[in-house]
Amino acid sequence: MTIEDLQSICHQLPGVTESIKLEVHLCFDVSGKTFLFTHPGGVPPSASFKVPPEQFEEISAKDGLEPQPYVARYKWVLARDISRLSKTEWEHYIKQSYDIIAETLPLKTRKGLGLAG
């Protein structure tokens, strides 16, 4: 997997935009809220995503994943090497993180994105 692969997965979701944060992180946002942080310049490239609280311990204990320093309390998980996860795993984790963040958006915004009935 590459940063471009993650970028492609993210842009399949409604309303996704990109931003640069902290000068080096390519982030993927929905309505201004980040659901995926990447570090394309890292060796190897890394990425962080949000997970459901009840799954945090299990997911962050998987091989290749760990709690994201400084924001683990908010249930963010770090993949230090994005190539250690398969495309299917990335599709799942990115969609899951997107959904968690999108659920926090106002109803009007979610409706505008086609996410609320």
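The values are calculated or read from the model by the stated rules, or taken from the named source; none is laboratory data. No experiment lies behind these values; they were computed from the predicted model shown. Please note: Cβ atoms are built from the backbone with ideal geometry, for glycine as well, and neighbour counts cover all protein chains shown. Just so you know, the surface numbers come from the protein's heavy atoms only, side chains and all, with ligands and any DNA or RNA stripped out. Shrake-Rupley method; radii C 1.70, N 1.55, O 1.52, S 1.80 Å.
Looking at this structure, is residue 115 closer than 24 Å to residue 4 by Cβ and either of a type in the set (Asp, Glu) or more than 13 Å from the chain's Cα centre (by Cα) (or both)? Explain how you work it out, then say what you get.
Working: closer than 24 Å to residue 4 by Cβ: no; either of a type in the set (Asp, Glu) or more than 13 Å from the chain's Cα centre (by Cα) (or both): yes.
Here the answer is no, as residue 115 does not meet what is asked.
So residue 43 fits all but one of (1) open to solvent by 70 Å² or more (accessible area, probe 1.4 Å); (2) not in a loop (DSSP other than H, G, I, E, B); what number is the exception?
(2)
Find the residue count for region 12-28, including only residues that are loosely packed, with under 13 Cβ neighbours inside 10 Å and of a type in the set (Asp, Glu).
Selection size over region 12-28: 1.
Pick from region 30-40 the residues that are touching a residue at least 40 places away in the same chain (Cβ under 8 Å) and open to solvent by less than 60 Å² (accessible area, probe 1.4 Å): which of them is farthest from residue 95 (Cα to Cα)? It would help to see each step written out before you state the result.
Taking region 30-40 as the starting set, the residues that turn out to be touching a residue at least 40 places away in the same chain (Cβ under 8 Å) are 30-31, 33-36, 38.
If we keep only those that are open to solvent by less than 60 Å² (accessible area, probe 1.4 Å) too, we end up with 30, 34-36, 38.
On the way: 30: 12, 34: 12, 35: 9, 36: 10, 38: 15 Å.
Checked region 30-40; the qualifying residue farthest from residue 95 (Cα to Cα) is 38.
Can you say whether residue 117 is surrounded by 14 or more Cβ atoms within 10 Å (Cβ to Cβ), of a type in the set (Gly, Ala, Ser), modelled with pLDDT under 95 and more than 19 Å from residue 45 (Cβ to Cβ), as far as the supplied structure shows? Steps first, please.
Values: surrounded by 14 or more Cβ atoms within 10 Å (Cβ to Cβ): no; of a type in the set (Gly, Ala, Ser): yes; modelled with pLDDT under 95: yes; more than 19 Å from residue 45 (Cβ to Cβ): yes.
So residue 117 does not fit the description; no.
Given (1) touching a residue at least 40 places away in the same chain (Cβ under 8 Å); (2) out of contact with any strand residue (DSSP E or B) (no Cβ under 7 Å at 6 or more places or on another chain), identify the lone condition not met by residue 51.
The number of the failed condition is (2).
Please indicate, with yes or no, whether at least one residue in region 57-77 is assigned to a strand (DSSP E or B) and open to solvent by less than 10 Å² (accessible area, probe 1.4 Å). It would help to see each step written out before you state the result.
The initial filter retains those residues of region 57-77 that are assigned to a strand (DSSP E or B), namely 65-67, 76-77.
Retained after the next criterion (residues that are open to solvent by less than 10 Å² (accessible area, probe 1.4 Å)): 77.
Yes, some residue in region 57-77 is assigned to a strand (DSSP E or B) and open to solvent by less than 10 Å² (accessible area, probe 1.4 Å).
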